[in-house]
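> Got a structure here, written out as structure tokens. Questions coming.
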Amino acid sequence: MVLIELALEPLSYSFLLRGLVAGLLAAVACGVLSGFVVWRGMAFVGDALSHAILPGIVVAFFFGFSLFFGALGAGALAVLGIGALSGRGKLKEDTAIGIIFAGFFALGILLMSRITSYQDLSHVLFGNILGVAQQDLIGMAVVVGAVLLAIAASYKELLVTSFDPAHAVAIGLSPEVIRYILLLLLALTTVVAIQTVGVILVLALLVTPGAAASMISRKLHTILGLSILMATVATFVGFYGSYYGDLPSGPAIALTITGFFLLAYGWARITRRKGSAPAATERPESSIL
Amino acid sequence: MRITSTLNYGGSCTTPAVPHTPALDIVGLRFRYPTSTEDVLDDITVQVQPGDRVALVGPNGAGKSTLLHVILGMETHYQGSVSIYGHDACRCRHRVAVVPQRSTVDWQFPVTVRQVVMMGRYVHLGWFRRPGKGDIRAVEEALETMKICDLADRQVGELSGGQQQRVMLARTLAHDADLLLLDEPLNHVDITTQELIFHTLERLTARGKAVIVSTHDLGVLTVHFNRALFLDRRVIADGKVADVLTPETIARAYGFEFHQDYVPGGN
């Protein structure tokens, strides 16, 4: 009884309720994408993307337009930059990612120090689940809905381009287009997740749930389901930890998910399932196209 | 980004085969990779008729895979003409299916055998359409033909090399194409699977489909193919297996000097 009261108490404040809903939205979108990020080997590009949107946010903050579109613009520029630098006969993709990642993030930090004080935007770096505005929440809901819809609509195309790009091309489907769509969804989701975990720790929501779930199952929809579940539970922990324990929400969420991963890893070792981590073999993705 | 190829994905086939045309008609094909200064394929002219079972033979780097990629429409910047049942390559995606080289597939990706075989139906579905009863039936039939019904719900990465190759062939059966391209399908494959693959290919060609199999295993040629095409950037030899499988051709294709002493029974 006391527990229920403790659980419900913060929800009577509308700004707290908004924070929780925002966190859950981010968790669901990240949970779904996480499965693909892990199995397609996109952790590095996910990390880069989440950092690369910083200059967009700072510029938007300075000129007073929506942080969301600022972030999205910078994310799109980063993706296009990576695409332009890598590809046949040019740089290897991870090299291109590294260059863009560092350049954009540095620019973001520099702009931050010139234009604003760190204090103003520290919630962008570390997330603040308790500071979500009403209109932000509506925007986030729309974005997450769009991301989920896009994943559901292109599910079979995601499967075939991930598993066998040559077959995908043979049936007239471009793995590059699918990859760009996935990167766009990643950018959109990152923008939403920044609210709760911040730029620096978005990766915890984009990589770890999928990795933990892959320790438990080898079926993609089970992986996606478990991944959503873990991200959601971690968000609850982060939210209540933030309210009652005065913990920063981002690190609380990230550490909870890391805990889930360790449990799943231990469980996989004990039950001696075949190692499900996709890291062991190299992805052929970049070699074929 | 190949926009045209993206737009071609899925939907019903709007380009019926032109009657009395070869399954594959390549004339004067020349191709080089954008970053290279040397032609990978040099003046290739080949015709494949419906019912042909062609072995594409040559050493590594001979351009076997590249040739298959051109036929599939994966490489578009070539000179010469490539037509499939009377249409440009990549006009009709329904008609050509591929079993790609093992190394280009991410076997660890969490998909089940049934899901992989279903990918053969995607070309008939296109964007936003889910598989229907007909597609499910086609998948079950393909699983049965390749004798992998009992593996249907397993993750493909857990299977042996031979079983995985059966899955890929089951996928091309579900695709229901008229021209089948198999890129080195015999690597890491057990004898039973090899026999099953050839048996299936024989049945398909008997029904008028055309099959091209790239291989460097000369041992299987005499038994399982009615035609061999030796390739080393150029066409070295092309004809009935018995006619072209001579020590001289093999020597030329594989680039070592031919000496009369090597001929069995020769002086």
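> Using a simple spin-label model with points 7 Å from Cα along the Cα→Cβ vector, what separation in nm is obtained for B:S36 and B:H188?
With each label point 7 Å from Cα toward Cβ, the separation is 2.4 nm.
> Between A:S113 and B:L218, how high is the FRET efficiency from 1/(1 + (r/R0)^6) when r is the Cβ-Cβ distance and R₀ = 56 Å? Nearest 0.05.
0.25
> Right, another one. Any idea which of B:V117, B:W107, B:I44 is furthest toward the positive side of the dipole for chain B, if Lys and Arg beta-carbons carry +1 and Asp and Glu beta-carbons -1?
Highest projection toward the positive end goes to B:V117.
> Where in chain B lies the longest segment free of GluC sites (Glu not before Pro) that are both loop residues by DSSP (not H, G, I, E, B) and have at most 10 other Cβ atoms within 10 Å?
The answer is B:39-256.
> Identify, among B:P185, B:A142, B:H199, the residue whose Cα sits farthest towards the positive end of the charge dipole of segment B:117-267, taking +1 on the Cβ of Lys and Arg and -1 on the Cβ of Asp and Glu, with the dipole about the Cα centre.
Comparing the listed Cα positions along the dipole, B:A142 ranks first.
> OK, next. Based on the inverse mean of 1/r over its pairs of different Cα atoms, what is the Kirkwood hydrodynamic radius of segment A:29-288, in Å?
One over the average 1/r among Cα pairs gives 18.9 Å for segment A:29-288.
> Sticking with this structure for a sec: Counting Lys and Arg as +1 and Asp and Glu as -1, each charge on the Cβ, what is the dipole of the protein assembly as shown about the Cα centre in debye, to the nearest 20?
Dipole magnitude for the protein assembly as shown comes out near 740 debye.
> Also: Compute the FRET efficiency between B:N226 and B:S103 as 1/(1 + (r/R0)^6), taking r as their Cβ-Cβ distance and R0 = 22 Å, and round to the nearest 0.05.
0.15
> Calculate how many DSSP beta bridges within chain B are antiparallel, expressed in % of all such bridges and rounded to the nearest 5.
Percent antiparallel among DSSP bridges in chain B is about 50.
> Using a Gaussian network model of chain A with C-alpha springs under 10 Å, which one of A:L130, A:L185, A:L110 is most mobile by mean-square fluctuation?
It is A:L110.
> Looking at the protein assembly as shown, I'd like the Rg to Rh ratio, where Rg is from alpha-carbon atoms and Rh is Kirkwood's inverse mean 1/r.
Ratio of gyration radius to Kirkwood radius for the protein assembly as shown: 1.05.
> Report the paramagnetic label zone for A:I4: residues of segment A:228-264 whose backbone N is under 11 Å from a point 7 Å from Cα along the Cα-to-Cβ axis.
none
> With +1 on the Cβ of every Lys and Arg and -1 on the Cβ of every Asp and Glu, and nothing else charged, how large is the dipole of chain B about its Cα centre, in debye rounded to the nearest 20?
1020 debye
> Moving on. Of the residues B:V220, B:V117, B:V48, which exhibits the maximal mean-square fluctuation in a Gaussian network model of chain B defined by a 10 Å Cα contact cut-off?
Per the Cα network of chain B with a 10 Å cutoff, B:V220 tops the list.
> Of B:P247, B:P19, B:P131, which has the largest mean-square fluctuation in a 10 Å C-alpha GNM of chain B?
Ranking B:P247, B:P19, B:P131 by mean-square fluctuation puts B:P19 first.
> What is segment A:29-288's relative contact order, in percent, from Cα pairs under 8 angstrom and six or more apart in sequence?
Relative contact order of segment A:29-288: 28 percent.
> Calculate the dipole size of segment A:29-288 relative to its Cα centre from +1 charges on Lys and Arg beta carbons and -1 charges on Asp and Glu beta carbons; express the result in debye to the nearest 20.
740 debye
No value in this document is a laboratory result; all are computed from the given coordinates. Predicted, not measured: the structure shown is a model, and the values here were computed from it. Here the Cβ is made from the backbone with ideal geometry for all residues, glycine too, and neighbour counts use every protein chain on show.
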